[in-house]
Each structure stands twice: as structure tokens, then as C-alpha cells.
Amino acid sequence: MNTTIQKTEALIHSTRVLDAVYTDDSYRPRYHFTPPFGWMNDVNGSIFWKGRYHIFYQHNPEGGYWKWMQWGHASSVDLVHWVHHPIALTPDLDGPDRNGCFSGGALVSREGIPTFIYHGVPDGTCIATSDDDLLITWDKHPANPVIPVPAPGEKGHGEYIVFDPCAWLEGDTYYALIGNRIPGQTGDGTALFKSSDLAEWEFVRSFYQSRREWTDAEEDCAVPDFYPLGDKHMLLFCSHWQGTQYYLGRFENERYYAESYGRMSWEGGLLGGARSLLDAQGRRIFFDWIREIRGVEQERASGWSGVMTLPRILSLATDGSLRIEPVPELECLRMNPKVRENITLTADALDLEDVQGNCLELDVEIDPNDATEVGVQVLCSPDQAEQTGILYVPAERTLKIEVSRSTLNEAIRYPHYRDAGGTARLPESERFVDAQRAPFALKGSETLQLRIYVDKSVVEVFANGRQCITQRVYPTRADSTGVRLMSRGGQARFRSVQAWEMAPAF
């Protein structure tokens with residue numbers, strides 16, 4: 001038999017075997033993006049190009065563990081169905097990125113060429129460009145590293161740190177944010193550089209002054225992403241301490257003035273490594289990495305690790321606050337709709353017996369009335385031994401995802417801080433949390449509107465278009481598929497409950 005045919009048949013067979021294994025994997029999502037195999041962390045270099053949405057990501061194709069980072073690549077025409085492409089960036093054994101192609105961003109050059117800027121380990125900031133419409137092949141700049149890591153005694157040492165960058169073109173000038181801290185300062189920070197040609201870069205200054213009223217002194221500004229949003233500029237970043245965060249403010253005279261602040265991950269949360277892109281419709285689309293918490297051994301055994309959030313649209317409300325909404329393209333996955341209306345519960349719960357599953361979308365509108373807590377429980381076992389609660393707490397002005405009973409696996413616990421060292425410093429009683437809590441309050445007479453996405457081990461909740469909370473959960477029982485409405489401490493009215501099964505996207 002022809003050798004090529006044999007190899008093709010072997011590849012088809014192995015792909016079918018892998019697909020069968022993943023289909024039976026109780027934790028691998030069906031409509032959230034995951035790598036075809038191996039490890040995924042930070043989202044990198046997202047860009048809309050020639051009618052396709054492209055995402056790149058930190059990737060180890062060998063297995064579900066971190067090692068020698070490369071850039072995975074996938075693209076989509078609808079933000080729902082993704083095509084996996086060959087690895088985009090691989091370290092050169094004798095190059096400035098020989099120990100890994102770490103995180104970075106993408107931009108289109110003055111000449112209209114898609115361009116990566118990334119951190120090459122160990123030597124510094126690197127540039128790569130692509131000249132094909134599908135962005136499959138990338139050529140690294142011969143001048144790499146274009147911003148080297150300064151050695152002691154060299155220019156720049158002690159002034160800035162070279163780490164995961166982002167860049168943009170403004171007029172005829174390229175700007176880049178380099179590094180996650182400013183030497184000699186506590187807290188998050190990043191350095192501003194500029195260039196006329198992407199090859200020669202000049203250090204300008206510290207980009208902004210971190211303020212302790214918003215972030216802790218231990219936090220940093222990793223994987224920054226900077227862009228205009230409405231009449232403001234948004235600085236999106238990840239703290240190794242507490243995950244994904246953002247500033248909204250003004251960019252004037254090559255300096256950033258943060259005016260407001262928010263988080264996208266809270267104590268017990270698992271987000272940390274976001275990027276965004278601007279599409280042809282003028283929408284700012286956000287993607288983030290959702291970490292695992294099931295343990296290194298389980299991740300290795302499964303062969304994969306890491307999930308991407310559903311794409312979100314970021315925009316500014318009329319009052320200048322951030323709006324966060326799922327892309328409407330996701331509605332194409334809806335199947336078997338179910339509708340319930342006008343359900344009143346007084347300190348009670350109601351099982352939705354006709355709504356079952358671990359791949360669902362729920363759209364719920366609630367009048368909290370005098371209930372002290374109100375919401376929905378998903379992934380419930382019949383005896384409630386396993387359940388994940390999504391609750392609004394009016395008195396605390398909080399939206400939370402309860403995880404204290406989300407799994408019977410006692411090894412799975414949710415650390416207070418993303419950073420293990422930070423968690424270890426806390427008193428033992430405070431190191432792990434029973435819920436992830438996000439600030440949220442209804443305004444005036446508005447109703448609570450929850451859009452809930454359940455995808456095996458991922459739960460994402462959007463509230464009234466202005467808050468979103470994401471969690472990983474790991475039910476152990478095959479019958480943990482129930483959905484319950486609940487009210488605690490008083491009466492609540494569920495105006496409408498819409499539910500859909502979600503079709504696989506892969």
C-alpha cells in the first residue's frame with residue numbers, strides 16, 4: 001500500500017480515537033474553545049484578518065502540562081466554530097526565543113502586514129510577520145530581539161522590565177507596552193516604548209502610576225492589551241496574584257491616566273491571560289484563558305489543559321461603565337427550547353424536571369422582591385449532593401457562584417489567590433473559598449437578568465449586560481445534570497426561564 005495512504009489512514013484512525021476519548025471526557029467542554037491536544041494558557045495575538053477571527057495561544061502540544069511555550073493557532077468565521085491550524089510560532093534552538101515564545105499581541109503594520117510582538121525567552125521582545133491570508137506562516141524579524149533584556153550595566157537596566165508585550169500603531173508611530181512592573185515601584189506597572197519602524201525602539205517612560213486603592217502591592221501588569229473603547233482607553237491586564245483586571249481612562253501626551261477600575265476574576269476565580277480584537281463590525285471582542293484546578297496528575301492523564309472563555313463584546317455604557325455581553329453568534333448552537341413563566345418561590349426551590357444537561361444555555365429574568373438570595377442551581381445531582389449555585393445577594397450587592405458542593409472530589413479546592421505563594425501566606429482558614437463573589441447591584445426597579453452558560457466543567461454567567469463571572473467546576477456524578485430555581489429568606493418571582501441544550505461546536 002502507498003506509504004502516504006497508510007499515514008493518512010493512521011492519522012484518520014488516531015483522530016477518531018482521540019475524538020471518542022474527548023467525547024466521553026466529562027470535563028472537556030463541547031462549545032468552549034479548547035486546544036486539539038495538550039496545554040493551553042494565555043490567549044495571544046488575537047486579530048480579525050481577511051474575514052476570519054484568529055486566536056493564538058500559549059501551547060504545549062506534547063500533553064496537558066506547561067513546557068517550552070509555542071503559539072497555537074485557530075480561526076473562525078463566526079466566533080463559534082473554530083478550525084485548528086498548525087503551530088504559528090516555535091522557538092528557534094539558537095535564537096533569542098530558544099527557551100520559549102511567551103505571550104504577546106498582534107497589530108497590522110503601516111504597510112498593512114499582520115505583525116506579532118512577543119516575549120522571546122531569554123533575550124527579549126521579538127517581532128514576526130505573515131504574508132499569507134490564513135496567517136499560517138510567520139517570519140521572525142532578523143533584528144530580534146528588537147527590545148533586548150538589559151544586562152546589569154547596560155542601558156535600561158533598572159528602568160524597565162522586558163516581559164509579555166502589546167503594541168499598536170497611532171498615526172505614524174508604533175507604541176508598545178513592555179513588562180509587568182516598574183523597577184523601584186510596588187504594584188502593577190508597565191513601560192511605554194515607541195518606534196518608527198518596529199525594529200528600533202525608544203524607551204519613553206513608565207506608562208501609568210499604579211494606585212493602591214485598586215490593586216494590591218503584590219500585583220503586576222502582565223500580558224497588557226491597550227485600545228480605545230468609546231471615548232476612553234482600556235488597559236486590560238492580568239495580575240499573577242489575582243487574575244484578569246482592567247483600567248478605563250485617558251491616554252494623553254504618551255501617558256495613561258486611569259480613571260476607573262474593575263476585575264474580571266475574583267477570589268477563587270481562574271481567569272488570567274486575556275486578549276481582544278476589533279472586528280469588521282467595530283466590536284471589541286474579548287477572549288480569556290480559564291485555568292484548570294483539577295490537579296496536575298489529572299491534567300496529564302487527560303492529555304489536555306485549559307479552556308477559552310466564550311467571546312465577549314466589551315463596550316461603554318452611557319455612564320462610562322463597562323458593558324460585557326456574549327456574542328450573539330452563540331445563539332446558533334441552541335436546540336430543544338424550553339420556556340417557563342411566572343414562577344413565585346418563597347424561601348423555596350423548584351426542580352425544572354424538563355431541563356437537564358451539562359451543555360446548556362439559560363436565560364432567566366427575576367424580580368428578587370424580598371428574597372435575601374435568589375438564583376439558579378445547575379449541575380445538580382438528584383439528592384443535591386452535587387450542585388453549583390448562581391446567586392444574587394441584594395444586601396451584599398454581590399453576584400456569586402457557589403462551589404462548596406460543586407464536586408464530591410475533596411482534592412478540588414478553590415484558592416483565595418491565583419498565586420500559590422500568596423495563598424500560603426494567609427491563615428489556613430482563609431486560604432480557600434466556597435464561592436467566587438463579584439460586585440453587582442440592581443439599579444432602581446430593574447429586574448435581574450441572567451444569561452448562564454453551562455459547558456461540562458465551565459460555568460459562565462452574564463448579569464444585566466454589565467457583569468460576568470466565570471468558574472470551573474468538576475462534578476463527579478453522571479447524574480449531576482439538574483437545574484433548580486431557588487429563593488432564600490423571602491419571596492422572588494421568576495418572570496421567565498428560557499433554556500436550551502447547546503449543540504457541540506467541535
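Run down 102, 56, 33 and say which single residue is within 24 Å of the chain's Cα centre (by Cα), assigned to a loop (DSSP other than H, G, I, E, B), within 28 Å of residue 139 (Cα to Cα) and modelled with pLDDT of 95 or more.
Checking each option against the conditions leaves just 33.
From the list 156, 95, 112, 100, exactly one residue is among the small types (Gly, Ala, Ser), under 21 Å from residue 277 (Cα atoms) and assigned by TED's automatic domain parsing to the domain that holds residue 277. Which is it?
After applying the criteria, what remains is 112.
Of the numbered conditions (1) under 19 Å from residue 294 (Cα atoms); (2) crowded, with 23+ Cβ neighbours inside 10 Å; (3) among the aromatic types (Phe, Trp, Tyr), residue 453 fails exactly one; give the number of that condition.
(1)
Check 353, 331, 259 and return the single one that is acidic (Asp, Glu), out of contact with any His (no Cβ under 8 Å at 6 or more places or on another chain), in the same structural domain as residue 458 (by TED's automatic domain parsing) and over 30 Å from residue 420 (Cβ atoms).
353
Is there any pair linking a residue in the stretch 305-320 that is closer than 22 Å to residue 64 by Cβ to one that is assigned to a strand (DSSP E or B) and hydroxyl-bearing (Ser, Thr, Tyr), with Cβ under 8 Å and at least six apart or on different chains, and which?
306/57; 308/57; 309/470; 310/453
Inside the stretch 377-471, counting only strands (runs of 3 or more DSSP E) that do not spill past its ends, which hold 2 or more residues that are over 17 Å from the mean Cα position of the chain (by Cα) and outside the structural domain of residue 220 (by TED's automatic domain parsing)?
Fully inside the stretch 377-471 and qualifying: 388-393, 398-402, 435-439, 448-455.
Of all residues in the stretch 358-376, count the ones that are under 30 Å from residue 332 (Cβ atoms), in a strand (DSSP E or B) and not small (Gly, Ala, Ser).
9
The values are calculated or read from the model by the stated rules, or taken from the named source; none is laboratory data. Given the structure is predicted, the values throughout are model-derived calculations rather than measurements. Backbone-built Cβ (ideal geometry, glycine too); neighbour counts: all protein chains shown.
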